[in-house]
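*Asks:* Supplied in structure tokens, the structure appears directly below.
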Amino acid sequence: MSERGSGLGPFVLGLGLGAILGFLFAPEAGAATRGKLERKLRGLRDLATDKADELGQLLETGDEEEAAAGSARDAVERRFTNAKRRRRGTKEGSQEEDEPVG
């Protein structure tokens, strides 16, 4: 079986060239097409700004939670220990002690 590329690169290149040619040979005047493109790009910019703001808020919230809960390593160790306890709790007759994490 021969190894071949996925063909994604040429597809994206063709898609981009098709879009450019479509704008060049569009039936509308250039000013109208540029106006539409400008409005769409402005909308995308506003959407990206909103999403970046949401991400920033999530990161700030995560930083506050991490500071309150201690270090990330402590949080992982707690989760791991709790998961081991839950797992052992479902088995009958298991009296093993938790092994130290680390």
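*Asks:* Kindly write out, for region 75-82 in residue order, the coupling ³J(HN,Hα) from the Karplus curve 6.51 cos²θ - 1.76 cosθ + 1.60 (θ = phi - 60°), rounded to whole Hz, with x marking Gly and Pro.
*Replies:* Ordered by residue, 3J(HN,Hα) equals 5, 5, 4, 4, 4, 5, 4, 5 Hz.
*Asks:* Restricting attention to region 1-52, which GluC sites (Glu not before Pro) occupy a DSSP loop and are surrounded by at most 15 other Cβ atoms within 10 Å?
*Replies:* Here the GluC sites (Glu not before Pro) that fit, given the DSSP loop and packing criteria, are E3, E28.
*Asks:* Quick check of the Kirkwood formula: for region 31-88, what is the inverse mean of 1/r over all pairs of different Cα atoms, in Å?
*Replies:* Across region 31-88, the inverse of the average 1/r is 15.0 Å.
Coordinate-derived values only; no laboratory data. From a predicted model like this one, the values you see are computed outputs, not experimental measurements. Here Cβ is always computed from backbone atoms with ideal geometry, including for glycine, and neighbour counts include all displayed protein chains.
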